[in-house]
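The values are calculated or read from the model by the stated rules, or taken from the named source; none is laboratory data. Bear in mind that the values here come from a model prediction, so they are computed numbers and not experimental data. Neighbour counts run over all protein chains shown; Cβ positions are idealised from the backbone, glycine included. Areas reflect the complete protein model, heavy atoms only, side chains present, ligands, DNA and RNA absent. Shrake-Rupley method; radii C 1.70, N 1.55, O 1.52, S 1.80 Å.
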Amino acid sequence: MDYTRELINNSVIIEDKKKIICEPCEQSFSSLSSLTIYKKVVDISNKSKIYGLSQNDYKEVLEKLKRQNSFLEYNYIYDKISCTRIPLKDLVISANHNPTRYHALVQNRINTLTDEAKEKNLFPIFMTLTLPSEFHKMKMDKKTNTLVKNSKYNFIQPKEAVKHLTKMFSKLRHDRSLKELTKDERIYFRVNEPHKNGTPHTHILLFIPKSSVDRVVNAFKRLFDNKANDIQINIKNAASYVMKYINKTLPLSKKENLSKKDKYLNAWYSKHRIIRFNCSKTLAPLSLYRLLYEKFNLKELTTLVKKKSLSIFVLQTNRNKIMEVFNGDELIYQRGENYSLRNGLLDY
């Protein structure tokens with residue numbers, strides 16, 4: 001065999017011919033509300049733009065999605081042994097091209113992590129982080145109580161602005177109040193959303209031991225502007241709480257007829273290539289789950305990974321390419337080499 005054993009981790013990316021995965025940059029999330037006072041000041045609707053997108057921006061996104069959809073419709077995986085075709089359209093996991101399937105995957109991840117948090121008796125905290133004034137094109141003039149251009153605006157685009165939000169959250173995660181906890185004692189979900197003017201903000205649901213709540217709350221208030229950022233500890237039914245925000249950002253999975261704002265909301269994520277949902281690395285990697293989902297649910301697979309029950313073999317020349325997976329002595333996955341990607345237009 002020309003492949004070797006490799007320890008699996010959450011950074012592994014699998015290019016499986018049986019599963020064609022659309023990256024989150026083509027997906028769409030958002031929210032029309034926030035819990036912060038600052039949000040009320042900066043939430044500005046420009047008559048010519050929705051979520052900061054012009055009509056031309058929206059048309060460009062539609063054209064890009066149209067090209068993607070054409071590729072998925074006219075290309076397929078061909079099984080050389082059975083001589084059958086597997087349309088890429090049936091395999092894709094995407095909020096734009098298969099929103100129901102994508103929503104189910106997100107729901108699965110949330111339910112699994114929430115159950116794990118309950119088993120560990122972790123306590124939920126909900127946080128909203130917003131960006132400083134210079135990230136916003138407009139601001140409120142306190143004297144005239146009207147919206148005016150923000151002279152401090154730094155012209156940073158939403159893609160880079162989300163990176164700044166990530167650094168803000170990272171600052172809290174590296175504070176001693178959280179860093180002294182084990183990885184299994186800090187579980188989180190995060191959703192990126194735009195304000196009405198297209199400036200992003202982020203919501204985070206964090207699970208930690210109840211004994212650490214006060215310390216983390218104090219760290220949050222010490223690190224961030226309390227007028228611009230919000231933290232809550234009275235959270236009931238945490239899974240439903242976070243899904244409320246996610247459902248608002250996935251209109252394609254919940255509605256047949258989208259409003260104009262819903263359509264621009266989807267376009268915002270695709271235009272700026274922004275990931276809308278992620279979570280802590282306490283689950284089995286999704287790359288591995290997509291190979292084994294017919295045998296294990298996400299919770300079962302996570303347990304096997306944490307117990308180091310799986311032996312995973314990859315190519316020596318490409319450690320991201322999984323060839324075989326054993327559960328003890330049982331072979332539970334073997335990469336098939338009898339598939340090829342074909343273009344339907346060339347068949348005629």
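Annotations
- Listing of strands (runs of 3 or more DSSP E) fully contained in segment 81-164 that carry 3 or more residues being touching an Asp or Glu at 6+ places or on another chain (Cβ under 6 Å): none
- Residue check for LYS171: surrounded by fewer than 15 Cβ atoms within 10 Å (Cβ to Cβ) and modelled with pLDDT of 90 or more: yes
- Complete set of residues in segment 167-216 that are free of Cβ contacts under 8 Å to residues at least 12 places away in the same chain and of a type in the set (Val, Ile, Thr): THR182
- Here the condition is being touching a helix residue (DSSP H, G or I) at 6+ places or on another chain (Cβ under 6 Å), surrounded by 15 or more Cβ atoms within 10 Å (Cβ to Cβ) and not aliphatic (A, V, I, L, M); of TYR293, TYR289, it holds for TYR289 alone.
- Among (1) surrounded by fewer than 18 Cβ atoms within 10 Å (Cβ to Cβ); (2) of a type outside the set (D, E, K, R); (3) within 27 Å of the chain's Cα centre (by Cα) - the single one LEU298 does not satisfy: (1)
- Segment 134-168, subset open to solvent by less than 50 Å² (accessible area, probe 1.4 Å) and of a type in the set (A, V, I, L, M, F, W, C), residue modelled with the lowest pLDDT: VAL148
- Matching residues, segment 324-348, being assigned to a strand (DSSP E or B), under 28 Å from the mean Cα position of the chain (by Cα) and at pLDDT below 85: LEU341
- Scanning segment 126-143 for residues that are more than 18 Å from PRO158 (Cβ to Cβ) and touching a Phe, Trp or Tyr at 6+ places or on another chain (Cβ under 8 Å) turns up PHE126, MET127.
- Residues satisfying the stated conditions in segment 299-320, i.e. small (Gly, Ala, Ser) and either without any contact (Cβ under 8 Å) to a residue 60 or more places away in the chain or closer than 17 Å to SER280 by Cα (or both): SER309
- Scan of segment 240-261 for residues that are in contact with a helix residue (DSSP H, G or I) (Cβ under 8 Å, 6 or more places away or on another chain) and open to solvent by less than 20 Å² (accessible area, probe 1.4 Å), ordered by number: VAL242, MET243, ILE246, THR249, LEU250, PRO251
- Residues located in segment 311-323, provided they are over 11 Å from LEU288 (Cα atoms) and outside any loop (DSSP other than H, G, I, E, B): SER311, PHE313, VAL314, LEU315, MET323
- Top-ranked residue of segment 63-80 - restricted to ones that are of a type in the set (Asp, Glu) and assigned to a helix (DSSP H, G or I), ranked as nearest to LYS271 (Cα to Cα): GLU63
- PRO87, sole failed condition from (1) at pLDDT 85 or above; (2) open to solvent by 40 Å² or more (accessible area, probe 1.4 Å): (1)
- Test: ARG176 is among the basic types (Lys, Arg), open to solvent by 70 Å² or more (accessible area, probe 1.4 Å), in contact with a Ser or Thr (Cβ under 8 Å, 6 or more places away or on another chain) and more than 30 Å from LEU250 (Cβ to Cβ): no
- Residue ranges of helices (runs of 4 or more DSSP H) in segment 228-297 with at least 1 members out of contact with any Ser or Thr (no Cβ under 6 Å at 6 or more places or on another chain), at pLDDT 80 or above and not small (Gly, Ala, Ser): 238-248, 260-272, 286-292
- Candidates are the residues of segment 192-216 that are closer than 30 Å to LYS49 by Cβ and either part of a helix (DSSP H, G or I) or out of contact with any strand residue (DSSP E or B) (no Cβ under 7 Å at 6 or more places or on another chain) (or both); the one that is most open to solvent (accessible area, probe 1.4 Å) is LYS196.
- Subset of segment 298-310 that is in a helix (DSSP H, G or I) and hydroxyl-bearing (Ser, Thr, Tyr) - its residue that is farthest from ILE322 (Cα to Cα): THR303
- THR317 being crowded, with 18+ Cβ neighbours inside 10 Å and not hydrophobic (A, V, I, L, M, F, W, C): no
- LEU165 in contact with a strand residue (DSSP E or B) (Cβ under 9 Å, 6 or more places away or on another chain) and under 27 Å from SER211 (Cβ atoms): no
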